[in-house]
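Below you'll find the structure, written out as structure tokens, and then a few comments.
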């Protein structure tokens, strides 16, 4: 990741989110650190941000997965091969050795902000 | 152990083929070459179900292997070729085509031939045997010129042959030398009951008859004269008086043979000649030839392991149990172990019910502790339990007669727990209870999984019920609740959820979760399942905002996701009929968006490589040209394939294209537990392959024949003939009812084929429900289908007209960029996804425009 200091930065607006589903934002656009992030909004106000890259399918698709709860954890199921990723930690629930980057995310006014 | 070697297999019956499969499975590389010498023109086929040939199955249906599969495995096969000589010193085989083939290991799987007693006159035309596919063709031909047929031999195969003759419409007789039928498997009383049942079915049985001569007849083609002065007139004669091992090749090569024939083998299936093995019916272990397929498979496994030097500690053939259960002329017959009570001191319990033609006997040891054998005629429901008692020497309780008495209180149904791990559950594939448990250890969690992993219950299928009880018991023992709950959020089966939604008029997932589920969110199992039920019941637009989170990505984006995250687009082409104008539009769209274009198996065109943000633009153009979504992404009707029909075809008898278009337009958009495919053929040549579809319609002179619950794919299933000579209206009525009944009652992701296999009462039950309206809701099913038809909408048309829905079709909500990870290279003039290596090298990669 970049050398820059971690801080809260706006990535999109609240109305861009879809309830109980995912959208994708591009961060560090047009830099070497350009990254796709999947943003999920569960219920009214629970927000999660993880990398959009599916390490199994090797494609940028996680935001198109179905979100759900498994044993009390919030997860997204990859639309390609259905592995689950814990939305809070990024841990794959089927394979301990695989996890994806998870980020802090919050709503500030009308703006959705991520910390990186 | 990887060594370069050449294995030559003589014979390509079920056992010879099984041997090849075993070697392919076990070998470490194709350095182990295999050559198969096959005397028949057909590769291995299912001889156990040979009689189904007369029921309409073709040689291809009975085939157990294809040339393509052998090619893929690098197995060379010489069909219609006989091995004529084996030189065990130079280790070569010579064929009747004058080929000499060297081997490192030779496997004799030559099988057996039908024994024809040397009765004068047996070599005339219309005196045939019942053994191979070619024999069956001859029998069919002869039967077409005959009215009366005789089977010589009242054993298992003879009765099967009699069944065939009867099905061919002949007045059928069975002539048996012994005083009873099936003398090997049944006792005298059992034989008597079997005889009376068979005679009830119109087959005349003559026992104690020694045929002396076959001469010209008076009323029929031939007359058979018997030793006691009786005679019988017949037009054709089938010999089925037992089988003999094909061991001549071995004898010529001076291999040791058994006392009553068969190439002698030891427990590792080795013959007396170095590096030569014998398996199946041509082999004799301790002077005994095993005329069943299951022991043959065991021998194939043993020989393969010894030749490849793999896992040889467990590879031993020590003989096999010859217990058997089958249906002969519709009569259930079972024979277990010491059926005749020959063991010293053996005692028997006998139950006979003459009015219903049921006979049951168990043979137990002198000390009444173990079951030695059994005979069952007319009802074999206790077979599985009795067999396990015998095979595993399970201690009998007091009053063992309760095992066969009807309505006995506390009938000791043998729980799966009582079986030892060594108990063989599936004898066709030699799968033990232990094998089943270890497949569950490795992650199998349903009967279906266990079948896939172990092959249990995929041979004759006779052990299916026992398999299920073993699997269920084991899962329960692990605390896995064996229930039909679809997931942790709903303690209901799909069918129950369907009823709940319907009865309580629930219209959203949240509503259902709140009233009948647990947890706050659901998951990727229950959400799409409920989404599909809601769509089936209410037929709402699937992208209503409340339904969006329920859909699999394919349903959400109304396209099929491919491995690189792009989508494929399939416009509907009803019945496969398309105008040149529309074809040109599809071509222009594909060209404009640089899409890979391929014709599908369902007679339409698939356009691949569309980025998510391109989907709306593509569909705007397709819709403007009058096209609609093909629902290729949905668990719904895919296509109705058709042949061109009587409009053009010289042979067609109905307008198959017109019917296909009508059916496709009627059922398009119907949401179901799984995808549904149809086909309509214009005549019985069946060019549209309707019998492999969920709903198959075949034109006949008087209308349409309807087939249901066929399937291609991983586990092909022939459709069942459901009704014949239907007019258009009745055809549609039946399809409405079958489909709606399936939609209401099937499990999640259950194709119609599996649904039918699991439907209690099977085809007959479905006919009762649909044709006879036994549940009294036939009209309800129809009106529900009418409702679905009336509320149909093209989801893409609705989507394009709705700016809010369109917002979803973009990769990033905060950028106009597209996904740079999607990269294509050129192949045969079109795009294909770049591999990871190609992406790294960045050579020749074309980014999407």
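Quick note: the coordinates plus some simple rules give every number you see, no bench work behind them. All of these numbers come straight from a predicted model, not from anything done at the bench. Cβ sites come from the backbone with ideal geometry, for glycine too, and all protein chains shown count toward neighbours.
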Within the protein assembly as shown, percent of DSSP bridges classed antiparallel, to nearest 5: 70
Equivalent ellipsoid dimensions for the protein assembly as shown as semi-axes, Å, which come from the Cα gyration tensor, largest first: 58, 33, 31
Projected-area mean, the stretch B:210-253, by convex hull of Cα positions, square nanometres: 4.5
Cα long-axis angle, helix B:656-667 against chain B (0 to 90 degrees, to the nearest 10): 60
Prolate/oblate/rounded label for the stretch B:127-239 (Cα gyration tensor, a/c 1.5): oblate
Zone of residue B:216's modelled label, taken as backbone nitrogen in the stretch B:105-123 under 17 Å from a point 7 Å along Cα→Cβ: B:121-123
All-pairs alpha carbon distance profile, the stretch B:601-709, 5 Å steps from 0, percent: 2, 12, 19, 20, 16, 12, 9, 5, 2, 1, 0
Ellipsoid semi-axes in whole angstrom, largest first, where each is sqrt(5λ) of the Cα gyration tensor of the stretch A:8-115: 21, 17, 11
Where labels lie 7 Å past Cα in the beta-carbon direction, separation of residue B:370 and residue B:581 in nm: 8.3
On Cα atoms only, tilt of B:494-503 relative to the major axis of chain B in degrees: 50
Unit Cα scatterers, Debye sum, chain B: log10 I(q)/I(0) for q = 0.05, 0.08 Å⁻¹: -0.36, -0.91
Per residue Cα convex hull volume in Å³ - calculated over the stretch B:61-161: 184
Tilt relative to chain B, helix B:133-143 - C-alpha long axis, 0 to 90 degrees, to 10: 80
Descending semi-axes in Å of the stretch B:494-551, equivalent ellipsoid built from Cα gyration tensor: 15, 14, 10
Least to most buried among B:666, A:73 (fewest other Cβ within 10 Å first): A:73, B:666
Cβ-Cβ FRET estimate between residue B:167 and residue B:352, R0 fixed at 35 Å, reported to 0.05: 0.75
Within chain B, percent of DSSP bridges classed antiparallel, to nearest 5: 65
Globularity index of the stretch B:321-414, i.e. its alpha-carbon radius of gyration over 2.2 N^0.38 Å: 1.00
Fewest-first ranking of B:648, B:796, B:538, using other Cβ atoms within 10 Å as the exposure measure: B:648, B:538, B:796
Per-residue mean of C-beta atoms belonging to partner chains within 10 Å, peptide B:562-568: 4
Normalised convex hull volume, the stretch B:644-762, alpha-carbon set, Å³ per residue: 95
Efficiency of FRET from Cβ geometry, residue B:405 and residue B:503, R₀ 45 Å, rounded to 0.05: 0.55
Förster radius 41 Å - calculated FRET efficiency between residue B:624 and residue B:79 (Cβ-Cβ, nearest 0.05): 0.15
Ranking of B:731, B:165 by count of other Cβ atoms within 10 Å, fewest first: B:731, B:165
Distance-filtered residues of the stretch B:486-526 - backbone nitrogen under 16 Å, label point 7 angstrom along residue B:546 Cα→Cβ: B:501-517
Centroid-to-centroid separation of the stretch B:301-332 and the stretch B:1-54 [C-alpha atoms, Å]: 16
Approximate spin-label separation residue B:597-residue B:478, in nm, with each point projected 7 Å along Cα-to-Cβ: 5.0
Gap separating the Cα centres of the stretch B:375-396 and the stretch B:716-769, nearest whole Å: 34
Shape parameters for the stretch B:416-482, alpha-carbon atoms, Rg then Dmax in Å: 10.4, 31
Antiparallel %, DSSP beta bridges [both residues in the stretch B:637-779], to 5: 60
Distance between the stretch B:530-572 and the stretch B:216-288 - C-alpha centres, whole angstrom: 62
